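Below is one structure, written out as structure tokens; the observations come after it.
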């Protein structure tokens, strides 16, 4: 869905005198630059009439959350300390490459001396775990990247 919106923004930028647009959408920042500093803007014939178009390699799209296409994020719902297992001796709830179900406990965030079990919101495969055991985490910090099933 966001790719369609991004394409709309590119088309608007392409047909305007504006050189750069930065948009925040659902906690992510997208930056589109018409004439990037590396001067990679090109002209080519798409139809019988020649006109300048933005090509994907010419766009600088910055996503603060490092999310890739077709992946989802699980973020910390509160500030606290991240724990990957119930106890130091226990095995982690999940490892990279594991498949998880919606509602499955994937970590614990200790906040104000309360151990809060964090559940996956999605069915998918854990692509990346972005924090280490016992790391402090902030509200809305990305903890996991998941490839949906």
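Of the residues 125, 101, the single one that is surrounded by 14 or more Cβ atoms within 10 Å (Cβ to Cβ) and on the phi < 0 side of the Ramachandran plot is 125. Of all the numbered requirements in (1) at pLDDT below 90; (2) buried (at least 17 other Cβ atoms within 10 Å of the Cβ), residue 118 misses one, and that requirement is (1). Within region 107-125, which residues are in contact with a strand residue (DSSP E or B) (Cβ under 6 Å, 6 or more places away or on another chain) and in contact (Cβ under 8 Å) with a residue 24 or more places away in the chain? Scanning region 107-125 gives 107, 108, 109, 110, 111, 115, 116, 118, 120, 122, 124, 125.
The values are calculated or read from the model by the stated rules, or taken from the named source; none is laboratory data. What you are looking at is a predicted structure, and each value in this text was computed from that prediction instead of being measured. Here the Cβ is made from the backbone with ideal geometry for all residues, glycine too, and neighbour counts use every protein chain on show.
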